[in-house]
Amino acid sequence: MYFREYNKTRFLVVDQNLKVRQSVEQFLKSFGAWYIDSATYADEAVDKCQHGLFDVVLCDYHLGDKDGQQVLEELRSKKLLKHTSLFIMASAETTKEMVLSAVDYQPDAYINKPITRDLLKHRFDGLLLDNEVLYDIKFALDSGDQSTAIYLCEEKILRNSKYRSWCEKTLANVLFNKADYDGAEAVYTSVIKRRPLIWAQMGLARIQFARQQYQEAEQSLQEILKASPNCLQAYDLLAEIFDLTKRWKDAQALLLTATKLAPRAVHRQSRLGELCLKNQDLNNALSAFQNAVEMGQKSLHDKPSNHIYLAHCIHETPASDAQPDRESASHQALDVLKYAEQKFTPERDVKLHASLVETRIHNTLQQQELMAQSLTQAQDIYFAEWSRLTPELTLEYAQTLFIAGKEAEAEMTLSQLQALYAHDTSILARIAELRDEPVAWQARVKAAELNKRGIKCFEGGQLEEAIQIFEEALNFSPRHPGLNLNLVQVLLKYLPKSSNPEARLAQCTTSLNAIKHINEKHRQFPRYQHLQRKLAQTKIQQGQRNLG
C-alpha cells in the first residue's frame, strides 16, 4: 500500500493500556500515518468523535465501564461514524457472545491482541484498500444519494467484482429502506440461487414481514433458525410475529433463548420483560428488567420505562407475603423510581406510568397522603393525555384506580376505553379480565392458590373448610366471578346444615352483586344466571319454612 493512503487517513486508537496505545501509534507512524489521536475510556472516545471525524477507529473491546460494542452502537446511532469510516474491534479473544452481540451494529473487522506491527499492517492494508474501492458507494450513502448508491452497486455487480456480495447486500438494504420490496426481493433471490446465505434469507423474511405475510415470514424464520440457531435477528423478528399474532408465551420462550445466547443485549432484555408482563410472569419479568437496567447503565438503550417496569416488578414480587418483606420490596421499588427520575427527563406518558406505580407502592406502605398525591399527579396527566395513551397504559391507570378504592372512576375509564376499541377483541378481553380481577399480581396468585384448595375441599365434601378458603380468597380478589360463584355454590349446598341460613343467603346475594359487571358474553355468565335462579328459589323455600 502506498505511503499516501496512510498519510491521508485519520486514526483514533481506544485502549485503556497506555503501552498498547503508544505501540499502535508507533506502528501507524511507521506506515506513514501522521493524524493519530487516542482515548483511554469509552466516553472519551465518543467525545472525540463528536468533535472530529475519524476515518479509522481501532477500539479495544474491554474498556471498563463500557465495552467496545457499546462505543460502536453509540457512534453509529448518533451518526458520529460515516459509512466511509471503519470501526475495528480489538480483543485478546473474540468470543461467541461478543460476535453475537454485534447484531445491529457490526464492526468492519476484528483484530486479535496482542497486536504486532506485521499483523496491523497486513489487516489495515487490506481494509483501507477495500474501503477505497467502495468509497464512492459509501460516500453516496453518507450523502443520502440513494440513486447513485444503487447505480454504483449495480455496476459492480454486473462486472462481477470481488466486492459483489457486499454490493448485493448494500443494494438490497437500500431498496428495502426505500420500500422497494420487489427490487430487494429480486436481489435476495438472486443471491440465494447461488448460495443460501443467511443475510439474504433474513432479507426475504424481512420483506415478507413488511408485506404483513406473517405466516410465510414465520416459516422462513423457522427454517433459518433450524439451519443457524445463533441468528439473533431471526429470533427478534419471529418474536415480533408471535407478539402481533398474540402468541405471547411463544414469543417469551423465543427471547429467553436469545438472551441466553447474547445476555448483554439491553433492548432484547427489555423486550423480553415486556412479553413476560403480558404473560403475567412477573418473576421472569423481574429478571429481564434487572438485566436491562444493570447492563443499560452506560448504554444508549437505557430508557426510563425499563426502570419503571423494574420498580413495578420489585413491588409485585416480595420475598413473601409477610408485611416486612412487602415493605422492604416497596422501599426498594421507590428507590428505583427516584433514580430514574434523577437520570431521565421522561415524556408525560412515562411520568404517568411512574406515578401509577408510585401510587400502588404508597398504598402497600399505607401512606395515604403520599398515595393521594401520586394518584392526583397521575389523574392530571391522564385527563390531559387520555386520547393518545396506549390501551395498555390506560388499563394500568384503571387498575390503579381500583386498587386505590376509586371503583366508579375506574369503571368510567374502562367504559371510555371500551368505546374507543369497540372492534378490538383482544383489548375488550383485557378490559373484561381487569373488571373480573382488578388487583395486584401477588393478590391474583394468592387468590388462584386458595381457589384450587377450596375446589379440592368442595370435591372432598369438606364444605365448611371450602367456605372459609373461598372467603379468604375473596379478600385478595373480591370481584373475581369464578371465586364468587364458587362460594355461592358451596353456600347453597351447605345451607341445610347451617345454623344461620338467612346470613348465608345474604352472603350469596353479596357475592352475586359483586360480579354484576359481567355480561352475556362472559364465560361465567350462564353459571351466574343459573345460581341467581337457584338462589331465588332457595330464598322462597326458606321463607316458606320460616312461615311454617
- Message: Which numbered condition in (1) surrounded by 19 or more Cβ atoms within 10 Å (Cβ to Cβ); (2) more than 15 Å from residue 266 (Cα to Cα); (3) among the hydrophobic types (A, V, I, L, M, F, W, C) is the only one that residue 292 fails?
- Response: (2)
- Candidates 200, 210, 239, filtered to the one that is among the small types (Gly, Ala, Ser), out of contact with any Lys or Arg (no Cβ under 6 Å at 6 or more places or on another chain) and more than 30 Å from residue 285 (Cβ to Cβ): 200
- Message: Suppose we filter 193, 246 for residues that are modelled with pLDDT under 95, surrounded by fewer than 19 Cβ atoms within 10 Å (Cβ to Cβ) and more than 27 Å from residue 70 (Cβ to Cβ); which single one remains?
- Response: 246
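Residue check: is residue 487 modelled with pLDDT of 95 or more and either assigned by TED's automatic domain parsing to the domain that holds residue 457 or not acidic (Asp, Glu) (or both)?
Details: modelled with pLDDT of 95 or more: yes; either assigned by TED's automatic domain parsing to the domain that holds residue 457 or not acidic (Asp, Glu) (or both): yes.
Spelling it out, residue 487 is indeed modelled with pLDDT of 95 or more and either assigned by TED's automatic domain parsing to the domain that holds residue 457 or not acidic (Asp, Glu) (or both).
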- Task: Under 7 Å between Cβ atoms, at least 6 apart or on separate chains: pull out the pairs that start in the stretch 299-326 with a residue that is in a helix (DSSP H, G or I) and end on any residue that is among the hydroxyl-bearing types (Ser, Thr, Tyr) and modelled with pLDDT of 90 or more.
- Result: 306/270; 307/339; 315/330; 315/364; 326/364
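Which ones in the stretch 145-199 are of a type in the set (Lys, Arg), under 23 Å from residue 84 (Cβ atoms), in a helix (DSSP H, G or I) and over 35 Å from the mean Cα position of the chain (by Cα)?
Initial filter on the stretch 145-199 (of a type in the set (Lys, Arg)): 156, 159, 162, 164, 169, 178, 193-195.
Going one step further and asking which of them are under 23 Å from residue 84 (Cβ atoms), we end up with 156, 159, 162, 164, 169, 178.
Retained after the next criterion (residues that are in a helix (DSSP H, G or I)): 156, 164, 169.
Within the stretch 145-199, 156, 164 meet the criteria.
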- What residue, of 417, 428, is without any contact (Cβ under 8 Å) to a residue 24 or more places away in the chain, out of contact with any Cys (no Cβ under 8 Å at 6 or more places or on another chain) and not charged (D, E, K, R)? 428
- Message: I'm told residue 333 meets every condition in (1) in contact (Cβ under 8 Å) with a residue 40 or more places away in the chain; (2) part of a helix (DSSP H, G or I) except one. Can you identify the failing condition by its number?
- Response: (1)
- Of (1) closer than 30 Å to residue 244 by Cβ; (2) touching a residue at least 12 places away in the same chain (Cβ under 8 Å); (3) among the small types (Gly, Ala, Ser), residue 404 satisfies all except one. Which? (1)
- In this structure, does residue 361 turn out to be assigned to a helix (DSSP H, G or I), farther than 27 Å from residue 290 by Cα and β-branched (Val, Ile, Thr)? no
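Which residue, of 101, 38, 23, is surrounded by 13 or more Cβ atoms within 10 Å (Cβ to Cβ) and either under 28 Å from residue 199 (Cβ atoms) or of a type in the set (Asp, Glu) (or both)?
Values: 38 fails: either under 28 Å from residue 199 (Cβ atoms) or of a type in the set (Asp, Glu) (or both); 23 fails: either under 28 Å from residue 199 (Cβ atoms) or of a type in the set (Asp, Glu) (or both).
That would be 101, the only listed residue that is surrounded by 13 or more Cβ atoms within 10 Å (Cβ to Cβ) and either under 28 Å from residue 199 (Cβ atoms) or of a type in the set (Asp, Glu) (or both).
Does residue 8 qualify as being on the phi < 0 side of the Ramachandran plot and over 41 Å from the mean Cα position of the chain (by Cα)? I'd like the intermediate steps shown before the answer.
On the way: on the phi < 0 side of the Ramachandran plot: yes; over 41 Å from the mean Cα position of the chain (by Cα): yes.
The answer is yes for residue 8.
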- Item | Members of the stretch 290-328 found to be more than 29 Å from residue 475 (Cβ to Cβ) and hydrophobic (A, V, I, L, M, F, W, C), listed by number | 292, 293, 295, 300
- Go through the stretch 352-383 and give me each residue that's surrounded by 20 or more Cβ atoms within 10 Å (Cβ to Cβ) and of a type in the set (D, E, K, R). 358, 360
- Item | Those residues of the stretch 250-272 which are buried (at least 20 other Cβ atoms within 10 Å of the Cβ) and either aliphatic (A, V, I, L, M) or not in a helix (DSSP H, G or I) (or both), in sequence order | 251, 254, 255, 258, 262, 265, 266, 272
- Expected output for the stretch 496-511 (first residue within 22 Å of residue 525 (Cα to Cα), partner basic (Lys, Arg) and modelled with pLDDT under 95, Cβ below 6 Å, 6+ apart or cross-chain) is 505/539
- Item | Single residue of the stretch 33-73 satisfying the filter (more than 22 Å from residue 127 (Cα to Cα) and charged (D, E, K, R)) that is modelled with the lowest pLDDT | 65
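The values are calculated or read from the model by the stated rules, or taken from the named source; none is laboratory data. None of these values were measured; they are calculated from a predicted model. Quick reminder, even Gly has a Cβ in these numbers, built from the backbone with ideal geometry, and neighbours come from all protein chains shown.
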